[in-house]
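Take a look at the structure below.
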Amino acid sequence: MNVKMGDYEIGQDNQVLTAMGLGSCVGVCLYDQDNQRAGLAHVMLPAEDGEESSKHADVLLDSVFTEMKNKGSHLSDLEVKIYGGASMFDNSFDIGERNISSVKEEISSRGLNIAKEDTGGTKGRAIWLNCKNGNVVVRKSFTGNRKD
Amino acid sequence: MDINDKQKDKLREIGNIGAGNASNALSKMTDEKIDIGFPGIEVHEIRDIPEEIGNRSKIHSLVRVEVHVERNENESIYLGTLMLVLDRRSAKILAGHLLGDTENIDIEQQLTESEESALKETGNILTGSTLSAMTEWVDLKLKEGVPDIKTDMLGAVMDEILLKMAQHEDEALLFQTKFNFKKDLNSYFIFLFSRKGRNLILEKLSV
C-alpha cells in the first residue's frame with residue numbers, strides 16, 4: 001500500500017506499507033510487535049498553530065496514533081522509525097529540517113523514543129515498512145537498499 | 001477552486017504560446033525538430049501532482065525556475081515555478097544533443113557536471129522565452145529566479161516545490177505539455193501556478 005503525501009495507512013501481518021520518493025517530506029513508521037501491526041504517515045509540513053489539516057505533522061500523527069490505539073495497540077509499546085526531511089536543492093528553504101524537528105517533537109511529546117532514523121542530507125528516499133516484523137527497507141537514489 | 005472553463009482556456013492559450021516559444025528555442029539549441037503535445041491544464045490536489053507527471057519513485061532530472069511578479073520596488077508575488085522534467089534516459093540524450101556529443105551517450109551513467117549545466121541553461125532559456133510570451137498577454141513585470149537542477153526520484157525532487165505551495169493552499173493549477181523530441185523522449189514542460197499568481201493573471205486578462 002503506497003501512502004500519499006499528507007496521509008497515513010495502517011497495515012497488518014504480511015502487508016507492506018510504502019512511501020515512495022520522499023524528499024523533504026518525512027515518513028514516520030510505527031510498529032506494534034505484539035499485534036504485528038504497523039502504521040506509516042507521510043508528513044508534508046511542520047505543526048502550525050491553528051492549522052487543522054492533515055498536511056501538518058501534529059494533525060497527521062495524531063490521527064495515526066489514535067487509529068493504532070483504537071485498533072488495540074498500546075502506544076507506549078510502539079517502535080518508531082523516521083526517514084526523509086532532505087534538502088533537495090541548493091537554494092532550499094529549510095522545510096526538510098523543520099519537518100524533522102516537528103516530527104521529533106510530536107514523538108517525544110508522547111513519551112516515545114526514535115529507534116532508528118535516516119533523515120536530512122540531499123538525497124531522496126523510498127521506504128518499505130513490513131507490518132509483520134517492523135523492518136524498514138530504505139532506498140536512496142544511486143545507492144543500494146538498506147534494511148533497518 | 002475559483003477558476004472556470006473560460007479562464008482555463010485562456011491560461012491554456014497563454015501556456016501554449018509560451019511552450020511554443022520554448023520549443024522553438026530548444027529546437028535551435030539542439031538543431032532538432034521539437035513538437036509539443038496538447039497542453040493539459042487542470043487543477044489538482046497538491047499531493048496528487050507527482051503522479052500526474054510520472055512515477056514518484058523513478059529517477060528524473062528536474063530543472064526549476066521560480067517566477068515572481070514585481071508589483072513595485074518592495075513587493076513581489078510568487079507566481080509559480082516553471083519546470084523542465086526529464087526521465088533519466090531523456091536527460092542524458094537531451095544533454096548529449098545540447099553539448100553536441102550524441103555519439104557517446106551512456107544512459108546508465110549519472111549526469112556529468114557539464115551535462116547538468118547544459119540542462120540548467122536550457123531551463124533558463126525556456127523560462128525566458130515562456131515569460132516573454134506571457135508578458136505580452138498579461139502586462140505584468142515577471143522576474144525569473146536562478147535555475148536549479150536536481151536528479152533524484154520524481155517525488156523527492158518535486159517535494160520542495162509542492163510543499164512551498166502547500167503551506168498556503170491544498171490545490172494548484174498545473175500546466176503541462178510534453179516535448180516530443182526524437183520521438184521517444186519523456187520530457188515535460190510544466191508551470192505550476194500559485195493561487196495568488198494565478199488570480200493576478202486572471203484579473204489582468206479580465207476573463
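The values are calculated or read from the model by the stated rules, or taken from the named source; none is laboratory data. The shown structure was predicted, so the numbers you read here are calculated from the model rather than taken from an experiment. No Cβ is skipped: glycine too gets one built from the backbone with ideal geometry, and neighbour counts run over all protein chains shown. Just so you know, the surface numbers come from the protein's heavy atoms only, side chains and all, with ligands and any DNA or RNA stripped out. Shrake-Rupley method; radii C 1.70, N 1.55, O 1.52, S 1.80 Å.
Structure values in brief
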read-out	value
Helical contribution to [θ] at 222 nm, DSSP H n ≥ 4, -39,500 (n - 2.57), averaged over chain A, rounded to 500	-6000 deg cm²/dmol
Residue pairs, from the table B:LYS141/B:LYS204; A:LYS69/A:LYS147; A:LYS55/B:LYS141, whose Cα atoms sit over 23 Å apart	A:LYS69/A:LYS147; A:LYS55/B:LYS141
Summed buried accessible area for A+B [probe radius 1.4 Å, Å², rounded to 100]	2600
Most mobile listed residue (B:SER132, B:SER27, B:SER114) in chain B, GNM with C-alpha springs under 10 Å	B:SER114
Area of A:ARG146 that stays accessible when all protein chains are in place (1.4 Å probe, Å², to 10)	100
About the Cα centre, charge dipole magnitude for chain A (Lys/Arg +1, Asp/Glu -1 at Cβ), debye	740
Calculated diffusion of the range B:139-207, Stokes-Einstein form, Kirkwood radius summed over Cα pairs, 37 °C and 0.692 mPa s, µm²/s	226
Dipole moment magnitude, nearest 20 debye, the protein assembly as shown about Cα centre, only Lys, Arg, Asp, Glu C-beta charged	660
Electrostatic dipole magnitude of the range B:65-207 [Cβ: Lys, Arg +1; Asp, Glu -1; Cα centre; debye, to 20]	460
Selected from B:LYS178, B:LYS150, B:LYS141 as most flexible by GNM, with chain B as the system and alpha-carbon contacts under 10 Å	B:LYS141
Within straight-line cross-link reach of A:LYS71, aspartates and glutamates at Cα separation under 15 Å, skipping those fewer than 8 residues along the same chain	A:GLU9, A:ASP13, A:ASP32, A:ASP34, A:ASP62
CD proxy at 222 nm, helix term only [per DSSP H run n ≥ 4: -39500 (n - 2.57); per residue of chain B; nearest 500]	-14500 deg cm²/dmol
Over the range B:5-205 - Rg/Rh using Cα atoms and the Kirkwood inverse-distance radius	0.95
Of the GluC sites (Glu not before Pro) in the range B:46-131, those whose Cβ has at most 14 other Cβ within 10 Å and which sit in DSSP loop	B:GLU73, B:GLU103, B:GLU108
Extent along principal axes [Cα atoms of chain A; Å; largest to smallest]	45, 41, 24
Accessible surface ranking that places the most exposed of B:ASP139, A:ASP49 first, with a 1.4 angstrom probe	A:ASP49, B:ASP139
Gyration tensor (Cα) of the protein assembly as shown, equivalent ellipsoid semi-axes in angstrom	38, 24, 16
Straight-distance crosslink candidates among aspartates and glutamates, where the alpha carbon sits under 12 Å from B:LYS164 and sequence neighbours closer than 8 are dropped	A:ASP94, B:GLU66
